[in-house]
Amino acid sequence: MENSLVSLDYRYHCQDEKNRLIFRYDSTPHFPALSSFPHHKHLPDEVIACKKPNLEQVLQEAMAVTKQVISTIALLRMRSRYQYEYLE
């Protein structure tokens with residue numbers, strides 16, 4: 001095992017600007033009933049079984065969430081502007 005990396009434990013945590021959990025992947029062994037034990041994914045309202053993700057997968061998921069948030073903000077701004085202009 002010379003010159004190789006060995007993953008002992010991992011945690012990939014994604015949260016919003018208000019510190020609310022979006023998702024977290026980790027290998028902490030506290031959900032032994034899951035089929036993927038010890039690997040699992042925390043979502044805002046549940047914990048699900050999953051395979052161990054690689055960093056690229058986690059970053060892609062975080063980027064997708066970020067793009068969705070940006071799109072939602074842009075849509076809300078457009079609606080707000082339309083309502084404001086409509087009221088004038």
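The values are calculated or read from the model by the stated rules, or taken from the named source; none is laboratory data. Everything numeric here is computed off the predicted structure, so don't read it as measured data. Methodologically, a virtual Cβ is constructed for each residue, glycine included, from the backbone with ideal geometry; neighbour enumeration extends over all protein chains shown.
Each row is one residue, and each column tells you yes or no for (1) modelled with pLDDT of 95 or more; (2) in a helix (DSSP H, G or I).
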position	(1), (2)
N19	no, no
Q57	yes, yes
V65	no, yes
L75	no, yes
S80	no, yes
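Only one of the numbered conditions (1) surrounded by fewer than 13 Cβ atoms within 10 Å (Cβ to Cβ); (2) closer than 22 Å to T72 by Cα; (3) at pLDDT 95 or above is violated by E46, and that is (2).
Which ones in the range 33-71 are out of contact with any Cys (no Cβ under 7 Å at 6 or more places or on another chain), charged (D, E, K, R) and within 15 Å of I22 (Cβ to Cβ)? Explain how you work it out, then say what you get.
Keep residues of the range 33-71 that are out of contact with any Cys (no Cβ under 7 Å at 6 or more places or on another chain), which gives 33-35, 37-38, 42-61, 63-64, 66-71.
In the following step, the residues that additionally are charged (D, E, K, R) were identified as 45-46, 51-52, 56, 61, 67.
Answer for the range 33-71, where residues must be out of contact with any Cys (no Cβ under 7 Å at 6 or more places or on another chain), charged (D, E, K, R) and within 15 Å of I22 (Cβ to Cβ): D45, E46, E61, K67.
Selection of the range 49-77 for residues being polar (S, T, N, Q) and either loosely packed, with under 10 Cβ neighbours inside 10 Å or under 14 Å from D9 (Cα atoms) (or both) yields only N54. Taken as a whole, the structure places P32 among residues that are exposed (fewer than 10 other Cβ atoms within 10 Å of the Cβ), outside any helix (DSSP H, G or I) and modelled with pLDDT of 95 or more. Going residue by residue through the range 23-39, is there one that turns out to be touching a residue at least 12 places away in the same chain (Cβ under 8 Å) and touching a Ser or Thr at 6+ places or on another chain (Cβ under 6 Å)? So far as the range 23-39 goes, yes, one or more of its residues are touching a residue at least 12 places away in the same chain (Cβ under 8 Å) and touching a Ser or Thr at 6+ places or on another chain (Cβ under 6 Å). Report yes if some residue within the range 5-14 is part of a loop (DSSP other than H, G, I, E, B) and farther than 18 Å from N54 by Cα; otherwise report no. Looking for residues that are part of a loop (DSSP other than H, G, I, E, B) and farther than 18 Å from N54 by Cα, one finds none in the range 5-14, hence no. Taken over the range 2-16, the criterion of being touching a helix residue (DSSP H, G or I) at 6+ places or on another chain (Cβ under 9 Å) and under 19 Å from I73 (Cα atoms) is satisfied by C14, D16.
If Y12 satisfies every condition in (1) within 15 Å of the chain's Cα centre (by Cα); (2) free of Cβ contacts under 8 Å to residues at least 40 places away in the same chain but one, which is the exception? Only one criterion in (1) within 15 Å of the chain's Cα centre (by Cα); (2) free of Cβ contacts under 8 Å to residues at least 40 places away in the same chain is unmet by Y12, namely (2).
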